[in-house]
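Shown next, in C-alpha cells, is the structure this report addresses.
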Amino acid sequence: MRKTGRSILILVTLGTVLAGSSTINAQAKKVTWHRGTPKVLRGKYKTKKYGADLMAIYKINSKSTYYWASGMPIVNGYNLHYAKTSHNHYVLKYDAHRNGIFKGGKNLKSSIVKVGKNIKYNKQTYYKY
C-alpha cells in the first residue's frame, strides 16, 4: 500500500512540475518587428584597423543600411525591420540586392548590441564617427 501511495505522489508532483513548465513556455515574450531602425542605432560606425590594415564601415540610416569590409562587396540593405530582443540588443532584418560575390537575399538578419556610443557586430566593435 505504501508503494502505490508514494508512486501516486510522485506522479502528481511530476505532473504539476510539467504543467507549470508548459505554462511558463506558453507565456514566452513574442518578438515584434517594427519598420525602420531605432534612433539609438542610427549613425556611422567603423572599426579600427586590424590585421593587414583591414577595416569595416557600417552606416545605419532610418530605412536602409550600408556595410563594407576591406576587400568585400558593399551590402546595401533596404526594407528594414528591427526587433529589440533584450536591453541594448537589436536584430535587424533586411533585404539586399546582389553585388559581386555577395548573392543578396531576403530576410537577412544582423544582430547588433549597443555599447555606449559604439556597437558590436560580428564580434567586432564599431566606433561612432
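The values are calculated or read from the model by the stated rules, or taken from the named source; none is laboratory data. Everything numeric here is computed off the predicted structure, so don't read it as measured data. As a convention, Cβ positions derive from the backbone with ideal geometry for all residues, glycine included, and neighbour counts pool all protein chains shown. Protein only, heavy atoms only, side chains kept; ligands, DNA and RNA dropped before computing areas. Shrake-Rupley method; radii C 1.70, N 1.55, O 1.52, S 1.80 Å.
Okay, here's what the table says:
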read-out	value
Those residues of the stretch 89-129 which are open to solvent by less than 50 Å² (accessible area, probe 1.4 Å) and in a loop (DSSP other than H, G, I, E, B), in sequence order	104
Among (1) at positive phi; (2) touching a residue at least 12 places away in the same chain (Cβ under 8 Å); (3) open to solvent by less than 50 Å² (accessible area, probe 1.4 Å) - the single one residue 64 does not satisfy	(1)
Complete set of residues in the stretch 98-113 that are touching a strand residue (DSSP E or B) at 6+ places or on another chain (Cβ under 7 Å) and not polar (S, T, N, Q)	102, 104, 105, 106, 108, 109, 112, 113
Residue match in the stretch 24-36 (condition: open to solvent by less than 70 Å² (accessible area, probe 1.4 Å), of a type outside the set (Lys, Arg) and at pLDDT 95 or above)	yes
Residues being open to solvent by 40 Å² or more (accessible area, probe 1.4 Å) and of a type in the set (Ser, Thr, Tyr) - total across the stretch 67-76	1
Condition check for residue 79: at positive phi and open to solvent by 80 Å² or more (accessible area, probe 1.4 Å)	no
